[in-house]
Amino acid sequence: MKAGDVRAKTADELATQLETLHKEAFNLRFQRASGQLENTARVRQVRREVARIKTILNERAQKAS
């Protein structure tokens, strides 16, 4: 997901997506620990998407202040 896509979403949508990504990251960590993880690049993608969403949310919070 690109930053432009993230900026187009509302704060509620981003919060929902952030929660989903956190759950996915949790599951990926378990899969990696048990040796069942096939797509190792997905861990990095999820981490970066979480960071991207948090950055946009923080930018919006600073603008509102």
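The values are calculated or read from the model by the stated rules, or taken from the named source; none is laboratory data. Owing to the predicted nature of the structure, the values given are computational and were not obtained by experimental measurement. For neighbour counting, all protein chains shown are included, and Cβ atoms are generated from backbone atoms with ideal geometry for every residue, glycine included. Note: areas computed on protein heavy atoms with side chains; ligands, DNA, RNA excluded. Shrake-Rupley method; radii C 1.70, N 1.55, O 1.52, S 1.80 Å.
Would you check which residues across the range 32-47 are surrounded by 12 or more Cβ atoms within 10 Å (Cβ to Cβ) and of a type in the set (D, E, K, R) and list them? Selection gives Arg32, Arg42, Arg47.
Which of the residues spanning the range 34-65 are aliphatic (A, V, I, L, M), in contact with a helix residue (DSSP H, G or I) (Cβ under 7 Å, 6 or more places away or on another chain) and in a helix (DSSP H, G or I)?
The initial filter retains those residues of the range 34-65 that are aliphatic (A, V, I, L, M), namely 37, 41, 43, 46, 50-51, 53, 56-57, 61, 64.
With the extra rule that they be in contact with a helix residue (DSSP H, G or I) (Cβ under 7 Å, 6 or more places away or on another chain), the set shrinks to 37, 43, 46, 50, 53, 56-57.
Listed by number, the residues that qualify are Val43, Val46, Val50, Ile53, Ile56, Leu57.
Going by the structure shown, is Arg52 surrounded by 15 or more Cβ atoms within 10 Å (Cβ to Cβ) and among the basic types (Lys, Arg)? Yes; evaluated as a whole, the condition is true for this residue.
Filtered by the rule that a residue be assigned to a helix (DSSP H, G or I) and either of a type in the set (Gly, Ala, Ser) or touching a residue at least 40 places away in the same chain (Cβ under 8 Å) (or both), the range 1-33 gives Ala3, Gly4, Val6, Arg7, Ala11, Leu14, Ala15, Ala25, Ala33. For the range 22-31, a residue qualifies if it is open to solvent by less than 90 Å² (accessible area, probe 1.4 Å) and either more than 14 Å from the chain's Cα centre (by Cα) or charged (D, E, K, R) (or both), and the qualifying residues are Glu24, Gln31.
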